[in-house]
Amino acid sequence: MMISARNITKRYTLKGTPAVFDASFAAPPEGITTLLGPSGSGKTTLLRVVAGLESVDQGQVLFDHRDVTRLPARQRGIGFVFQSFALFNHMSVRRNIGYSLEVRGVSKADRRRRTDELLALVQLEGYGDGYPLQLSGGQRQRVGFARALASKPEILLLDEPFGSLDTQVRLELREWLTQLHQTTRLTTLMVTHDQEEALELSQQIVVMDGGRVVQVGTPSQIYDQPKTPFVAWFVGTGNVLRGTVEGAKITVGSLSVAVPSGVPDGSEVQAIVRPHHFRLEKNGAAPGRSVGTITRLVGLGGNVKLQLKLPSNQSVTVQLSRREAESMRLEVGDSVTVDLAEAKVFVANYSI
Ligand code: ADP
């Protein structure tokens with residue numbers, strides 16, 4: 001089932017900035033779409049509007065071609081997973097999962113059958129008779145998913161579902177969610193502020209900033225063709241170099257970045273450079289390149305992250321493969337030449 005939001009505006013107060021303004025996107029059927037943005041950008045509000053937990057001031061929500069804007073939440077056929085587990089600690093895991101069925105008067109035998117299926121689906125067979133507080137955080141959130149799926153929703157809405165878990169468990173659950181989604185194929189809309197989570201999990205990303213949708217696209221479109229400096233900066237750690245165009249390039253210190261044709265001289269532009277787009281060579285400065293000094297070097301698995309101080313005194317983050325860094329024998333204090341051929345350049349608020 002496709003979810004479409006059309007020109008949604010939502011205000012919590014009569015005056016002041018709306019929490020969501022004129023937001024539109026479509027979440028394709030059977031895919032995972034994430035609402036990604038910093039805290040306060042309106043993600044949760046938009047998710048709750050889709051759920052029917054918040055009314056709208058303007059705009060429409062459609063499930064396929066059906067307008068559900070005025071339909072109460074319980075009639076929308078959705079499953080909702082919250083950041084806080086929101087489980088009943090005094091009820092067994094099984095009863096938590098089947099609670100919505102119990103409320104609807106589903107027979108005990110049918111509830112048992114369905115909760116057994118769900119326990120297997122979320123890989124918690126054998127835990128049904130335990131209680132939430134006997135489970136780990138990751139297991140509790142899997143109970144949250146099973147509960148959301150109990151009444152066979154057509155749409156799954158996830159509000160920072162891994163937000164309260166520590167890094168290792170988050171990573172495991174990401175993998176787990178991918179598998180769960182491959183089994184259920186439910187249209188899923190997920191809120192996250194974690195760009196890595198969004199890039200890894202979703203087929204489509206809706207980037208939000210200040211209540212507005214600023215870009216909708218596949219992870220590679222968002223990462224490789226960001227529409228605004230904000231998107232480039234927020235998704236994938238962009239180093240921002242600011243400068244004035246002169247002769248189709250900007251110069252930052254002794255560093256030159258080519259600007260695509262059509263940008264007039266004198267324009268103030270921002271060049272966004274991904275950490276892995278820096279090409280480094282040890283020693284010697286060739287024309288059009290620049291010398292930077294390594295001030296910090298940290299190994300992270302197969303990659304090495306380093307801080308490079310440019311002549312302009314600006315520090316940038318650079319990422320290299322461990323093999324590259326080792327073959328150059330890079331160390332703190334080394335001076336290196338920098339090639340920025342792959343830098344992406346933006347003018348004001350539009351990309352060129
Ligand atoms: P996000 O999920 O991106 O952090 P939210 O949708 O929670 O953003 O919030 C967007 C804006 O709306 C914020 O400025 C927030 O303070 C405000 N807001 C959220 N919920 C309420 C509420 N119930 N009442 C008033 N303001 C709210």
Need pairs with beta-carbon distance below 6 Å; first residue closer than 25 Å to Phe63 by Cβ and of a type outside the set (A, V, I, L, M, F, W, C) and within the stretch 141-167, second within 16 Å of the ligand (Cβ to nearest atom) and in a loop (DSSP other than H, G, I, E, B); sequence gap 6+ or separate chains. Asp159/Phe82; Asp159/Gln83; Glu160/Gln83
Just checking, which of Glu160, Glu200, Glu196 is under 14 Å from the mean Cα position of the chain (by Cα), within 16 Å of the ligand (Cβ to nearest atom) and under 30 Å from Asp64 (Cα atoms)? Glu160
Report, ordered by the first and then the second residue, all pairs with beta carbons closer than 9 Å, sequence separation of six or more or different chains, a first member in the stretch 323-344 that is among the polar types (S, T, N, Q), and a second member that is open to solvent by less than 50 Å² (accessible area, probe 1.4 Å). Ser335/Gly292; Ser335/Ile294; Thr337/Leu280; Thr337/Ala286; Thr337/Ser290; Thr337/Gly292
Suppose we keep only residues that are among the hydroxyl-bearing types (Ser, Thr, Tyr) and open to solvent by 20 Å² or more (accessible area, probe 1.4 Å) within the stretch 170-194. Which one would you say is nearest to Ser39 (Cα to Cα)? Thr178
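The values are calculated or read from the model by the stated rules, or taken from the named source; none is laboratory data. Keep in mind it's a predicted model, so treat the numbers as computed, not measured. Reconstructed Cβ throughout: ideal geometry from the backbone, glycine too, with neighbour counts over all protein chains shown. Each accessible area value is taken on the protein alone, full model and side chains, heavy atoms only, with ligands, DNA and RNA left out. Shrake-Rupley method; radii C 1.70, N 1.55, O 1.52, S 1.80 Å.
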